[in-house]
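A quick write-up on the structure given underneath.
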């Protein structure tokens, strides 16, 4: 794994031009905010750049979000990969594999730093925090065009400043972003409170399918494609469903299973104190200590059985004090 100093990273960045900026498939607020802030930073420094995502972009009212292109051919030379490893960029991966040089900025554990230049810091709450460090390193003043997406990324990855990654540094940065025009109330509504009537009806149906064991210490929910179709929704519409599941008092491991395609199951893991990353890694996934994910092939029932058994084993290890806790 090669992780560069921020000085070496910025020097290499400024020496090159014609950048394609991408992030992970199924974009979330941090990946979108990182793309927009990076786009603005490169433009301020006179660079030609484009943003691209092959998946639908949420309708956030953030500066330059309409500049994010669908999958298309463009005359880029270098690629900036944000909030993930290159392999997690989905349908744009083939395109960026032809880049002359690759730059990777990420805060996820398990990122092996396989790009030409890597700025990876798992201790940061969001990739947007690392982008903010780039602004500081390059002595680039914030503006509304950068502050709003940076703030949005922080809100998304801290759960609205409720998760354990909400540090003094995060709150200080958020205050700085608001100073330069970020809108807290609008951002919160867009990320957490802008749901369709169909989703609200679906939410009531879905929560009725919750299952638990170990006196509610282990909580899980499985949603099939047919469940989504009943409400004319897609699996992507339910990205935040896990936040409702983890509200159950006493829950220590929370798991959401979504059938995103026939025999393709996307899994979300959450915990308040147990290192859930190790469970995701067991199934070739990754993420953070308390929030991680994976994707498995098989029927919903088969995948749920495999993963729940592993989660139960993890809890059994917890009884013996053998798994890691995060204080």
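The values are calculated or read from the model by the stated rules, or taken from the named source; none is laboratory data. Fair warning: this is a prediction, and the values are worked out from it, not measured in the lab. Because the Cβ atoms are built from the backbone with ideal geometry, glycine has one as well, and the counts that use them run over all protein chains shown.
Checking 198, 193 one by one, the residue that is farther than 16 Å from residue 300 by Cβ and surrounded by 13 or more Cβ atoms within 10 Å (Cβ to Cβ) is 198 and no other.
Only residues that are in contact with a strand residue (DSSP E or B) (Cβ under 9 Å, 6 or more places away or on another chain), assigned to a loop (DSSP other than H, G, I, E, B) and surrounded by fewer than 19 Cβ atoms within 10 Å (Cβ to Cβ) were counted in the stretch 252-271, giving 1. Among the residues that make up the stretch 248-260, is at least one of them under 15 Å from residue 164 (Cβ atoms) and out of contact with any helix residue (DSSP H, G or I) (no Cβ under 9 Å at 6 or more places or on another chain)? Within the stretch 248-260, not a single residue is under 15 Å from residue 164 (Cβ atoms) and out of contact with any helix residue (DSSP H, G or I) (no Cβ under 9 Å at 6 or more places or on another chain). For the stretch 78-188, the helices (runs of 4 or more DSSP H) that sit wholly inside it and include 1 or more residues that are surrounded by fewer than 17 Cβ atoms within 10 Å (Cβ to Cβ) and in contact (Cβ under 8 Å) with a residue 24 or more places away in the chain are 127-137, 144-157, 168-179. For the stretch 291-307, residues that are farther than 15 Å from residue 277 by Cα and assigned to a helix (DSSP H, G or I) total 7. Note on the stretch 29-60: residues that are assigned to a loop (DSSP other than H, G, I, E, B) and modelled with pLDDT of 95 or more total 6.
If you take the residues of the stretch 201-244 that are in a strand (DSSP E or B) and touching a residue at least 12 places away in the same chain (Cβ under 8 Å), which of them is nearest to residue 303 (Cα to Cα)? Top of the filtered list is 222. Against the numbered list (1) over 27 Å from residue 235 (Cα atoms); (2) in contact with a strand residue (DSSP E or B) (Cβ under 9 Å, 6 or more places away or on another chain); (3) surrounded by fewer than 24 Cβ atoms within 10 Å (Cβ to Cβ), residue 15 comes up short only at (2).
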